[in-house]
Each structure stands twice: as C-alpha cells, then as structure tokens.
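> Can you read through this structure? Questions will come right after.
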Amino acid sequence: MRAKGLLGGFKAVAAAGLLALTLAAGLLTAKPAAAVDFSKAAADFGPEGAWTNQCDIDRMTDSKTCRLMIYRLFDDGKDVGFVALSIIPTGNDFHLFLTTSQGLIDRCAIRVDRQPRIESHVATLNMCMFPNFVSGRVADQFRNGSTILVRVNSPRLGKRDIDFPLNGFSRTFEEMQRSLQ
C-alpha cells in the first residue's frame, strides 16, 4: 500500500514538473510584448481615454453586475501595452482596480490633480486594487478632479506613469449607480 502511495506521489510530481516545463517552453517561444496588438481592445472596451459603463446579468447569480472603465494604450519604443482603471461594485461600496499588461506589480499609486497620492500594496500579476472607493472618499476626488495620475511599479520594468482624464467620470459613475438600483 505504501509503494502505491509513493508511486502516486511521484506521478503527481512528474506531472507538475512536465506542466512547468511546458509553460516555460511556451513563454520562451511566445511573441514579445511589442508584437501584441492591444489596439484591438477598443472594440471590446470602447474608445481609449473615455469613461464607459457596462452592465450585464450574471448567469450564475441572475443579478446585475456593472463595471465603470477607462484605459490607455502606451508604446514607449521598448514596451507596448495598456493600463486600465475599473470601478466595480462590491457589497455596499466599490473597489478601484488598476489592470495592466506589464505582468507582476509590486505596488501602485493614484493621485488626483495635486491631492496627496494614495498608494496600494494590494498587488499581484497584472492588477492592483484600491478598496473602499466611496467610503474612502476617493470617489469625491474623482468627481471634483480633472486628471488622475497612475503609477505602476513593476519589478521587471520599474515605474510607469500614465495620466487619465476625469471628464465624464461623474456622469458615467451616476449612470452605473442608477443601473444597479
């Protein structure tokens, strides 16, 4: 019985090793980031630099889910990609998500106009989160501001700063809140 257990454990380790090798080979043969055409995202996400609201009925819960979003494409000669901001309802509040094509993120920060910056260490692969968007008063800064500066810190690429306009945010945010009622 013990030999059977060891054999099963060995098979699991071998399968995990094979999977890791397959993934590594895929990464080594994958196209570089510059070869990816992110401009096709406009068909799914709307015009670049404009706040959009999208609501759907969740097939699992039959409840309405909404997302407010804006994105920017970048091409600095070395790297091509995108940075997006999404505001998603969560219970009695909303969370702000920063999503990027840059890979692993250490931390990120946002700064509305000349207000103090807000930093988040809730970061992982391609994503950083700012919880409590409304109760933390960040929504008020967005409503009253004109621009937002976003900083993404990546161990591989260092820091990247991107500006987003806030014109149209208030109207689109209120539209999303009405849609959720």
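> Restricting to the range 113-143, give me the number of residues that are out of contact with any strand residue (DSSP E or B) (no Cβ under 6 Å at 6 or more places or on another chain) and loosely packed, with under 13 Cβ neighbours inside 10 Å.
6
> Can you pull out every residue in the range 88-103 that is surrounded by 13 or more Cβ atoms within 10 Å (Cβ to Cβ) and not hydroxyl-bearing (S, T, Y)? Even if it seems obvious, please write down each step before you answer.
Filtering the range 88-103 down to residues surrounded by 13 or more Cβ atoms within 10 Å (Cβ to Cβ) leaves 88-89, 93-103.
Matches in the range 88-103: I88, P89, D93, F94, H95, L96, F97, L98, Q102, G103.
> Moving to a separate point now. For F142, only one of the following conditions fails: (1) modelled with pLDDT of 95 or more; (2) within 17 Å of the chain's Cα centre (by Cα). What is its number?
(2)
> Among the residues of the range 116-128, is any in a strand (DSSP E or B), of a type in the set (V, I, T) and at negative phi? Walk me through it before giving the result.
Of all residues in the range 116-128, those in a strand (DSSP E or B) come to 118-120, 123-128.
Then drop every residue that is not of a type in the set (V, I, T), which leaves 118, 124.
Still in the running and at negative phi: 118, 124.
Within the range 116-128 (the criterion being in a strand (DSSP E or B), of a type in the set (V, I, T) and at negative phi), the answer is yes, since at least one residue qualifies.
> Here's a follow-up. Tell me, which residue of the range 76-87 that is in contact (Cβ under 8 Å) with a residue 24 or more places away in the chain and assigned to a strand (DSSP E or B) is surrounded by the most Cβ atoms within 10 Å (Cβ to Cβ)?
The extreme case among them is I87.
> Would you check which residues across the range 54-71 are over 23 Å from E174 (Cβ atoms) and of a type in the set (D, E, K, R) and list them? Before you say what the answer is, go through the steps one by one.
Start the filter on the range 54-71 by keeping residues that are over 23 Å from E174 (Cβ atoms), which leaves 59-62.
R59, D62, listed by residue number.
> Return yes when R151 is modelled with pLDDT of 90 or more, in a loop (DSSP other than H, G, I, E, B) and of a type outside the set (A, V, I, L, M, F, W, C) and no when it is not.
Values: modelled with pLDDT of 90 or more: yes; in a loop (DSSP other than H, G, I, E, B): no; of a type outside the set (A, V, I, L, M, F, W, C): yes.
When the stated conditions are applied, R151 does not pass them.
The values are calculated or read from the model by the stated rules, or taken from the named source; none is laboratory data. Since we're looking at a predicted model, the values are computed, not measured. For neighbour counting, all protein chains shown are included, and Cβ atoms are generated from backbone atoms with ideal geometry for every residue, glycine included.
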